[in-house]
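Throughout, read-outs are computed from the coordinates displayed, never taken from laboratory work. Predicted model only: the values in this text are computed from it and were never measured. Heads up, the Cβs are rebuilt from the backbone with ideal geometry, glycines too, and the neighbour counts pull from every protein chain shown.
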Amino acid sequence: MKVIKHCASRFPTVATGSLVGMDKEDGTLEITNTFPFPVVDLPPEAQFDNQPQHFNAAASAPRAKANTAYQAEMIRMLREVNVDANNVGWYTSANLGNFVNSNFIENQYFYQKELNEKTVALVHDVSRSSQGILSIRAYRLSPHFMTAYKENKFTTENLLKSGLKYSDILVELPITVHNSHLVNTFLHQIPRMLANGAMKPPSSVDEIENNPIIKNDSLAPSFESLSISIDPFLSQTCDNLLDSIETHHVEANNFSYYSRALAREQAKIQQWQQKRKAENAARALSKQPPLPEDEWQRLFKLPTEPSRLESMLNSRQVEQYARQVDGFVAGTTGKMFAVRGNLLPGETSESSSARNE
């Protein structure tokens, strides 16, 4: 609840914080408390100007030196009041699943390398949770990716040799969310009872939505999930998916440009080497000393291969968007099939009679 409150209050900007808890012997990582990282508040016009220094101020907070000292001081104070004070990870907010980036990777790499390999990153999707579906996921960098990131050699040759793929970057862990018994008791006491009698069955959806007993009850069931309209976040997620695919094409074009430049330089080197060999053969006939054949290393400079890390992260983000679209479409399609009998009664009756025959 602290994570949700902090992320919602900072939305749409990034919110980050620390997780404390306990690593149990059965392999379960228990998170019992959290606290946010302090971030310098920017003026309203600066929070949305997409400047890297403004965005990275919150996104890179978990690995900042000032926050490292702040985190150690907070954990010391929690230990004094007999609260679980073991650092077990960090959390961050996300918008429509957009969290797979270099800041996220660097933060989690810092935690798994400096603190403990079992630390996790909790991702709370504020926009998705605002629709009534709690979205909290836990991730950890895979050991394969940790080794590759430590060497920082994301060239095509090294990736082919190691077999590292974009799907091997993150490992998603199962989450069990539970409240304390005191919180459960409090929640059960909130709904107010009927003054007398029993609630009569509703005759329409409008009567359900406008019933004062349900309308004024904060814990009354929500009927928004029964709406057959297309999820409003589906179109936004599709737009983000198309943007990520476009970014993938840009990265592919950059690599193609590098490949062509490398081929041109290699052709020039090969031509120079053939010419130098011919010159040395002629000088050998005239009994002159041969010229050095490795001089091409000083005359020619091969282009540097761009890192494939950004391309891998973007591919992982495309996969994340594709999973979200699949989840949205699955829910909408299920609702459409559920009400098909009311929308197309003639077709349903004909198909039923055909099956009976």
Assign unit charges at the C-beta atoms only (+1 for Lys and Arg, -1 for Asp and Glu), then state the dipole size of segment 106-180 relative to its Cα centre in Debye, rounded to the nearest 20.
-> 80 debye
For Leu19, enumerate residues with amide H under 5 Å from its amide H, sequence gap 5+ or separate chain, H modeled in the peptide plane.
-> Val88, Gly89, Trp90, Tyr91
Magnitude of the Cβ-charge dipole (Lys and Arg +1, Asp and Glu -1) of segment 232-356 about the Cα centre, nearest 20 debye, reported as 780 debye
Shape parameters for segment 232-356, alpha-carbon atoms, Rg then Dmax in Å = 31.3, 102
For segment 2-179, whose charge dipole is built from +1 on Lys and Arg Cβ atoms and -1 on Asp and Glu Cβ atoms, the candidate among Leu19, Val120, Val88 with its Cα farthest towards the positive end is Val120
Sorted on mean Cβ neighbours within 10 Å (highest first), peptides 299-305, 267-273 come out as 267-273, 299-305
Cβ charges +1 (Lys, Arg) and -1 (Asp, Glu), total dipole of segment 261-312, debye = 280 debye
